1. Answer yes if at least one residue in the range 275-285 is acidic (D, E) and under 20 Å from V82 (Cα atoms), and no otherwise.
2. May I ask you to say which residue of V109, V63 is β-branched (V, I, T), in a strand (DSSP E or B) and within 24 Å of S269 (Cα to Cα)?
3. Name the pairs: first residue in the range 147-164 and assigned by TED's automatic domain parsing to the domain that holds G136, second residue crowded, with 24+ Cβ neighbours inside 10 Å and of a type in the set (S, T, Y), Cβ to Cβ under 7 Å, at least 6 apart or on different chains?
4. Conditions first: (1) touching a helix residue (DSSP H, G or I) at 6+ places or on another chain (Cβ under 7 Å); (2) assigned by TED's automatic domain parsing to the domain that holds F296; (3) touching a residue at least 60 places away in the same chain (Cβ under 8 Å). P242 passes all but one, so which condition is the exception?
5. If you go through the range 55-110, how many residues are over 16 Å from the mean Cα position of the chain (by Cα), touching a residue at least 60 places away in the same chain (Cβ under 8 Å) and within 19 Å of R157 (Cβ to Cβ)?
6. All but one of (1) under 22 Å from P69 (Cβ atoms); (2) surrounded by fewer than 15 Cβ atoms within 10 Å (Cβ to Cβ) hold for I95, so report the exception by its number.
7. Could you go through the range 89-101 and let me know if any residue there is under 19 Å from V233 (Cβ atoms) and in contact with a strand residue (DSSP E or B) (Cβ under 6 Å, 6 or more places away or on another chain).
8. Kindly state which strands (runs of 3 or more DSSP E) lie completely within the range 192-295 and contain at least 3 residues that are at pLDDT 95 or above and on the phi < 0 side of the Ramachandran plot.
Amino acid sequence: MSRIKSFAAGLGLAAFLSAGTAFAGDAESCKKVRLSDVGWTDIQATTGVASVLLTALGYEPEVIQLSVPVTYASLKNNDLDVFLGNWMPSMTADIKDYTAEGSVETIGVNLEGAGYGIVVPSYVAAGGVNTLTDLGKFKDKFGAKIYGIEAGNDGNRIILDMISKPENNLEGFELVESSEAGMLTQAEQSIKGNEWIAFLGWTPHPVMGAMNLTYLDGMGDSGFGAATVSTNVRKGYVAECPNVGKFIGNLKFNLDMEGVMMDAILKGSDANSAATEWLKANSDAATPWLAGVTTFDGGDAAAAVQKALGG
């Protein structure tokens, strides 16, 4: 090949590579998307939705099971990319140092209208337990126990802090740490026997929603009460991976959609299957999530999702 032909061929190759880069959705380093699953059914559902759609767009989602503290440490250390479960204001203490130093970024609220706090069966509320301090008036009926979920959870920490404060009238109470499933089993058994129980509750949740529960008042500035859920990413993620960052930032959920998927998960479905079935049944739901988004290689996002879901 002559020097001129070789030079021309080189220009052609450079133009081809340049065009490929221009139309690509994200850099190759962005193809794997690492998401945290902290074991809560609602976050399993939303992470399932994200994973199914990311796969359809040509990304490789990796869901890693981590506690809340390890989730934030992993975001800081660049060992994790995305967390869809920043419940606020109850997780203020968990995230504030990372936010202050800029190692973890909040890119938007993905759920509004949530609730979080200590709940009792409504028949217990009718029996005189409506505020936090009322629990201590009936210490023996509760067995001096409040049931929580996994150790390290923000809700457990708040309850422990409440027990430690004399003004809350909870002297002698203990927090029983378990898991979401273990706590719910205990609650269902107690309610079936018309027994008194207090435990950590949240909305959305299909099982808790079917239990006829009452949130206790008098939580002060603990972080319990009305809640929102935000999306966190590691520092610089959206700038580094703007296409997938745009998609993650677009994700907005509501109580009804989460409730349907959570119910399926609690009945034995894995999160991705529950999300896939919900997306198939709600074909227009992904439209706003795909606004301004392409596939990983720069293709039509809506067409790729439709094809992946069998549309």
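The values are calculated or read from the model by the stated rules, or taken from the named source; none is laboratory data. These numbers were taken from a predicted model, which means no experiment stands behind them. So basically every Cβ, Gly included, is an ideal-geometry build from the backbone, and we count neighbours across all protein chains shown.
1. no
2. Working: V109 fails: within 24 Å of S269 (Cα to Cα).
It is V63.
3. So the pair list comes out as G155/Y116.
4. It is condition (1) that P242 fails.
5. 1
6. (2)
7. Of the range 89-101, the ones under 19 Å from V233 (Cβ atoms) are 91-92, 94-101.
This time we only want the ones that are in contact with a strand residue (DSSP E or B) (Cβ under 6 Å, 6 or more places away or on another chain), so: 98.
Looking through the range 89-101, at least one residue is under 19 Å from V233 (Cβ atoms) and in contact with a strand residue (DSSP E or B) (Cβ under 6 Å, 6 or more places away or on another chain).
8. Numbers: elements: 199-203, 213-215, 225-234.
Qualifying strands (runs of 3 or more DSSP E): 225-234.
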